[in-house]
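Beneath this line is the structure, given in structure tokens, with notes to follow.
The values are calculated or read from the model by the stated rules, or taken from the named source; none is laboratory data. The structure displayed is predicted, hence computed values, not measured ones. Cβ coordinates were reconstructed from backbone atoms using ideal geometry, including for glycine residues, and neighbour counts include every protein chain displayed. In case anyone asks, the SASA skips ligands and DNA or RNA and just uses the protein heavy atoms, side chains included. Shrake-Rupley method; radii C 1.70, N 1.55, O 1.52, S 1.80 Å.
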Amino acid sequence: MPAVLGFEGSANKIGVGVVRDGKVLANPRRTYVTPPGTGFLPGDTARHHRAVILDLLREALTEAGLTSHDIDCIAYTKGPGMGAPLVSVAIVARTVAQLWNKPLLGVNHCIGHIEMGRLITGATSPTVLYVSGGNTQVIAYSERRYRIFGETIDIAVGNCLDRFARVLKISNDPSPGYNIEQMAKRGKKLVELPYTVKGMDVSFSGILSFIEDVAQRMLATGECTPEDLCFSLQETVFAMLVEITERAMAHCGSQEALIVGGVGCNLRLQEMMETMCQERGAKLFATDERFCIDNGAMIAHAGWEMFQAGHRTPIRDSGITQRYRTDEVEVTWRD
């Protein structure tokens with residue numbers, strides 16, 4: 001029964017997880033939170049990760065009730081993500097692997113989300129909507145690859161929401177997306193915003209530029225409230241995501257949809273996706289914030305799948321890459 005230790009730190013979350021044969025034994029996590037109206041810079045985020053990662057490692061082993069001798073493999077996020085945070089975590093993973101004399105595995109961050117979603121929900125072969133601060137993709141598995149059927153052509157949906165939160169000076173604690181979701185529940189007026197779907201792809205830069213431009217004027221004149229703007233932005237971008245997911249499901253003949261990534265925690269997005277799936281006679285799968293948001297266990301579990309399939313990452317190849325597409329990975333552990 002192999003036990004895999006996973007390190008995740010591609011953005012402002014840092015997590016260390018332990019997974020053994022499909023069971024999550026530990027999954028502690030920390031978040032780098034910046035003041036309202038600001039984002040997180042790579043260098044500052046990396047310093048945060050370096051300051052807490054060894055405490056998280058000790059916490060994960062204690063929670064799992066294991067020692068270094070019980071760990072069979074070390075997995076880490078190879079990419080995609082922010083360069084400095086990725087490097088800071090990869091260095092620790094490499095060092096631990098060599099000190100403990102364990103094999104090392106570089107994991108694609110997106111694959112980690114998908115495999116964790118499949119494990120937790122029990123979805124077998126779903127069409128995946130992967131939505132986060134750095135990625136927006138509609139994915140389905142075929143012939144040893146997670147194929148991308150549609151994606152953003154500019155910024156990710158989570159980045160769109162985060163940057164709008166800065167306009168309204170919404171708190172980043174626990175996350176700007178969560179706080180937008182709560183404000184949107186109190187919105188009563190739907191403000192018309194640009195809706196940009198191009199075939200199977202979506203674009204969020206135009207809607208962000210538009211709402212950044214008009215927000216302060218509309219608020220100053222009393223045309224709408226901050227809650228109305230949060231509600232309108234959510235409804236518009238989520239409708240775009242539901243549209244391209246449904247189109248991918250129709251193309252694949254899929255009867256399952258799985259939402260993964262940090263934005264996948266949003267209950268309104270889950271509600272809209274559920275409505276679409278019910279109309280198609282399909283089933284929706286989603287997880288809560290423990291596994292939707294970046295975490296170490298998802299890297300550990302994807303690493304466990306890869307380890308069982310015979311994958312290993314030599315130390316000389318154990319770097320990171322900020323651009324690492326989901327469909328670059330040969331998925332040898334399925335079928």
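For region 193-222, taking the residues that are among the charged types (D, E, K, R) and in contact (Cβ under 8 Å) with a residue 24 or more places away in the chain, the one that is least open to solvent (accessible area, probe 1.4 Å) is identified as D201.
Just checking, which of G158, G150 is of a type outside the set (A, V, I, L, M), closer than 30 Å to A250 by Cβ, at pLDDT 95 or above and part of a helix (DSSP H, G or I)? Every option except G158 fails the conditions.
Open to solvent by less than 30 Å² (accessible area, probe 1.4 Å), in a helix (DSSP H, G or I) and not β-branched (V, I, T), is that true of L258? No.
Of the residues E305, E227, the single one that is at negative phi and open to solvent by 40 Å² or more (accessible area, probe 1.4 Å) is E227. I'd like to know if region 52-62 contains one or more residues that are over 17 Å from W304 (Cα atoms) and open to solvent by less than 10 Å² (accessible area, probe 1.4 Å). Within region 52-62, one or more residues are over 17 Å from W304 (Cα atoms) and open to solvent by less than 10 Å² (accessible area, probe 1.4 Å). When restricted to residues that are over 18 Å from T152 (Cβ atoms) and either under 21 Å from the mean Cα position of the chain (by Cα) or free of Cβ contacts under 8 Å to residues at least 40 places away in the same chain (or both), region 236-256 contains 5.
With the condition kept exactly as written, say whether any residue in region 67-90 is under 15 Å from V19 (Cβ atoms) and surrounded by fewer than 20 Cβ atoms within 10 Å (Cβ to Cβ). Yes: region 67-90 contains one or more residues that are under 15 Å from V19 (Cβ atoms) and surrounded by fewer than 20 Cβ atoms within 10 Å (Cβ to Cβ). Taking first residues from region 307-335 that are over 16 Å from R147 (Cβ atoms) and free of Cβ contacts under 8 Å to residues at least 40 places away in the same chain and partners that are hydrophobic (A, V, I, L, M, F, W, C) and not in a loop (DSSP other than H, G, I, E, B), the Cβ contacts under 7 Å between residues at least 6 apart in sequence or on separate chains come to W333/M306. Checked against the criterion of being touching a strand residue (DSSP E or B) at 6+ places or on another chain (Cβ under 6 Å), more than 30 Å from T245 (Cα to Cα) and open to solvent by less than 10 Å² (accessible area, probe 1.4 Å), region 138-151 contains not a single residue that satisfies it. Summed over region 261-291, residues that are open to solvent by 70 Å² or more (accessible area, probe 1.4 Å) and under 12 Å from the mean Cα position of the chain (by Cα) total 2.
Tell me, which residue of region 165-186 that is in a helix (DSSP H, G or I) and among the charged types (D, E, K, R) is surrounded by the fewest Cβ atoms within 10 Å (Cβ to Cβ)? Among residues in region 165-186 that are in a helix (DSSP H, G or I) and among the charged types (D, E, K, R), the one surrounded by the fewest Cβ atoms within 10 Å (Cβ to Cβ) is R166.
The numbered conditions (1) out of contact with any Asp or Glu (no Cβ under 9 Å at 6 or more places or on another chain); (2) among the small types (G, A, S); (3) assigned to a helix (DSSP H, G or I); (4) surrounded by fewer than 23 Cβ atoms within 10 Å (Cβ to Cβ) are all true for S232 except (1).
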